[in-house]
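**Student:** Submitted below is the structure of interest, expressed as structure tokens.
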Amino acid sequence: MDTVLHCASQSEGAAATLLTSLLQVLFTTYCSISSSSLWPQDYGEIGVNIGFGDYDFIVVGAGSAGSVVANRLSANSSWKVLVLEAGGDPPIESEIPGFAMSFQRTDYAWNYYTEPSDKECLAYLNNSCYWGRGKFIGGCGAANMLMYFGGSQIDYDTWLNNGNTGWGWNDVLPYFDQEEIVTNHFSHYDPLEYYLKTSANEMGLPYIRNYKYVNEEAFTNGFAILQNGRRMSSGKTYLAPVKNRENLHIVKNARVRKININNSRACSVTFMYKDGQEYTVRSNKEIILSTGPLDSPKLLMLSGIGPAKELSKLGINPKTDLKVGRNLQDHVTIQMFFKLNNYSFYENQLDSLNEYLVNSSGPLSSINLEGFCGFIKINSTEEYPTVAYYYSKEPKNSEFSIDFKPEIAESLRQQSLSNVILVAWVTILRPKSSGFMELRSNDYRDDPIFHAQYFEKREDIEMLVEGMKFQLNMLEMESFRKLGAEFLKLNLPDCNQFTFKSDEYLECYMKHIGNTCNHQCCTVKMGPKHDPSSVVDPRLSVKGIENLRVIDASVMPSVVSSNTNGPTMMIAEKGSAMIIEDWS
């Protein structure tokens, strides 16, 4: 039987009318957050009906990099540009900072998992870490935690010193400056920030408000890609504003299956439209892959570009023999959970949603703890920061069920029954370890195989242990003592043989709890002609294949010392300028 709710008293009509009007306004505001009118029209149905024809440039992927490339190339009205995007428009949750990660494990994401391991991800189901990637316009830039940093000077000077001409610090700065992304600080303030900031200051670390490049030790509220409480991804700031250019066509729900190569020249792209009919579209000038560090190498290998022996075993005719999928780098992060015995916190989600819909403000206009983070040097001899700290909090009675093994999730839940949980995410910035990825089969629908190998190098383990000990030392500062902060001992039987908080315990802990920052990169490594481990040259052209470039985070020779979204857009700006220069 349906339940009908009635007011205790009757209404004469005015109040009910006002309530109906209020609900209508709220609903309209909610729907307008990510209405279809904000995004480019899907050219797919038109192309199906009249034929797609040829294009000068085909850009595969409308994510952080692809949106930039499409904008810059289509600025030349004589060039016809096609963008093929595997997803559609972003969900509403993507636009609201407070819901940044809620679409994960849905159809709006590539729901990838690492291979089961006995050395990492041990606290998670199947000993496997979840690597979710955005599958819609804006890509991972519309799916991440909105943080914007540009890396360190040492990152780019290292690229240059390894033979990547034109990619040094002074070379890339102009392209950061010309990025059209909108960045601001989060406007909401969480009281817990005060204690974190004060504790960092007691540890001798400064607070720098406007901190963009990770060139010095500091704590900060990082810049974020947002404006007026809304996310401002490159899909919104680069692609959407030029959606009506007559020479630019965007096809949504177009999953590229293969790059077709004839006589060492990339000539066309074959894709499935809405998982139905297959189409092939020819390029007269170039094909640009911008599908990200996990999907660009996958597509290259499916097209015969990669390790020749492995491709042959899968029945793929190799066109080249390149180290595609190797050099897989990421920022592994260790969640440290602290119970705050002297801190109360209550946040009504309905009140937060109302405040956001009415004023675009409040907790939902920000990510957890407003992007408060820190960058430190573990050793005094280091010139640049080597470890980062990000923070979040979980209210009382939180559920910790996502991907944790049941016994670990339950031990966390029990300890959060009456206390707020502060989470410190300890992250190594320039890891020595690297993994690799390979195809599972020659079927484009099958997910690749990912080997993270986060703790392959002993140096990374030792640096993370020191980074975790720094965070534990913050507990001894006066501000943390006021909060009654207590490092939680989780249900990790493998670690019980070690003294709690000892170096051995922390090493065991990290191998269980360590997971991704979703900063995967470097799988289509850029390098000079003489570098046998590289796949693209410093002009981002695939070695041995004409008219094919890769422009996204996969071309990084090594991971940058920060979140990768800003540097990815820089690569797209610089790569676009190279294409324009080459074809003018």
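**Student:** Below 11 angstrom from the Cβ of SER534, what's the summed charge of the other residues (Lys, Arg +1; Asp, Glu -1)? Could you put the intermediate results ahead of the total?
**Tutor:** On the way: positive: LYS323, ARG326, LYS525, LYS529, LYS543; negative: ASP531, ASP537.
Every neighbour counted, the sum reads +3.
**Student:** Based on Cβ point charges of +1 for Lys and Arg and -1 for Asp and Glu, what charge dipole magnitude is obtained for region 57-196 about its Cα centre, in debye rounded to the nearest 20?
**Tutor:** Dipole size: approximately 420 debye.
**Student:** Roughly how big is region 111-270's charge dipole about its Cα centre, with Cβ charges of +1 (Lys, Arg) and -1 (Asp, Glu), in debye to the nearest 20?
**Tutor:** 1160 debye
**Student:** With unit charges on the beta carbons (Lys and Arg positive, Asp and Glu negative) and the dipole taken about the Cα centre of region 245-373, which residue among LEU314, PRO293, GLN277 sits farthest to the positive side?
**Tutor:** Looking along the dipole axis, the top candidate is LEU314.
**Student:** How about LYS323: which aspartates and glutamates have a C-alpha closer than 12 Å to its C-alpha, ignoring those fewer than 8 places off in the same chain?
**Tutor:** GLU310, GLU438, ASP531
**Student:** Here is a further query. With every protein chain left in place, what is the accessible area per residue of the chain in square angstrom, probe 1.4 Å?
**Tutor:** On the way: 23810 Å² over 584 residues.
I get 41 Å² per residue for this part.
**Student:** Placing +1 on the Cβ of each Lys and Arg and -1 on the Cβ of each Asp and Glu in the chain, which of THR237, GLY204, ASN161 has its Cα farthest towards the positive end of the resulting dipole?
**Tutor:** Going by the charge dipole, the pick is ASN161.
**Student:** Which shape class applies to region 96-209: rounded if a/c is under 1.5, otherwise prolate when a/b exceeds b/c and oblate if not, where a ≥ b ≥ c are the square roots of the Cα gyration tensor eigenvalues?
**Tutor:** Since a/c stays below 1.5, the shape of region 96-209 is classed as rounded.
**Student:** On a 29 Å Cα-Cα criterion, which of the cross-link pairs LYS80/LYS574; LYS236/LYS396; LYS543/LYS574; LYS236/LYS543; LYS432/LYS501; LYS80/LYS212 come out too long?
**Tutor:** LYS236/LYS396; LYS236/LYS543; LYS80/LYS212
**Student:** For the pair GLN497 and CYS31, what calculated FRET efficiency results from E = 1/(1 + (r/R0)^6), where r is the Cβ-Cβ distance and R0 = 45 Å, to the nearest 0.05?
**Tutor:** 0.25
**Student:** Continuing with this model, one more query. When DSSP beta bridges are limited to those with both residues in the chain, what percentage is antiparallel, rounded to the nearest 5?
**Tutor:** Percentage antiparallel, nearest 5: 75.
**Student:** A follow-up question, please. Given Cβ point charges of +1 (Lys, Arg) and -1 (Asp, Glu) and nothing else, what value in debye, to the nearest 20, does the dipole of the chain about its Cα centre take?
**Tutor:** 1080 debye
**Student:** Which percent of the accessible area of the chain is formed by carbon and sulfur heavy atoms (probe 1.4 angstrom)?
**Tutor:** 48 percent
**Student:** With N residues in region 50-123, what two-decimal value do you get for its Cα radius of gyration over 2.2 N^0.38 Å?
**Tutor:** On the way: Rg = 17.8 Å, N = 74, 2.2 N^0.38 = 11.3 Å.
After normalising by residue count via 2.2 N^0.38 Å, the value is 1.58.
**Student:** Round to a whole angstrom and tell me the spacing of the C-alpha centers of region 315-391 and region 438-504.
**Tutor:** Measuring centre to centre over Cα atoms gives 14 Å.
**Student:** Let me ask you something else. Over region 226-296, what is the relative contact order in percent, taking alpha-carbon pairs closer than 8 angstrom and at least six residues apart? Working shown, then result.
**Tutor:** Numbers: 67 pairs, mean separation 13.0, N = 71.
With pairs under 8 Å counted, the relative contact order is 18 percent.
**Student:** In addition: Could you tell me which of PRO91, CYS140, LEU122 has its Cα farthest along the dipole of region 83-153 towards the positive end, charges placed at Cβ (Lys, Arg +1; Asp, Glu -1), taken about the Cα centre?
**Tutor:** LEU122
**Student:** Based on the alpha-carbon gyration tensor of region 167-210 and its eigenvalue square roots a ≥ b ≥ c, which shape applies: rounded if a/c is under 1.5, prolate if not and a/b is larger than b/c, or oblate?
**Tutor:** oblate
**Student:** Which order, highest average first, do 193-203, 377-387 follow once you tally other Cβ atoms within 10 Å for each residue and take the mean per peptide? Please list the in-between numbers first.
**Tutor:** On the way: 193-203: 17.8, 377-387: 14.8.
Ranking the peptides 193-203, 377-387 by packing returns 193-203, 377-387.
**Student:** Sort the chain into rounded, prolate or oblate with this rule: let a ≥ b ≥ c be the square roots of the eigenvalues of the Cα gyration tensor; rounded if a/c is under 1.5, and if a/c is not under 1.5, prolate when a/b is larger than b/c, oblate otherwise.
**Tutor:** On the way: a/c = 1.70, a/b = 1.21, b/c = 1.41.
It is oblate, given that a/c is not under 1.5 and a/b is not larger than b/c.
The values are calculated or read from the model by the stated rules, or taken from the named source; none is laboratory data. The structure presented is a predicted model; accordingly, all values stated were derived computationally and were not measured. Every residue, glycine among them, receives a Cβ derived from its backbone with ideal geometry; neighbour counts consider all protein chains shown. For accessibility, only protein heavy atoms count, side chains too; no ligands or nucleic acids. Shrake-Rupley method; radii C 1.70, N 1.55, O 1.52, S 1.80 Å.
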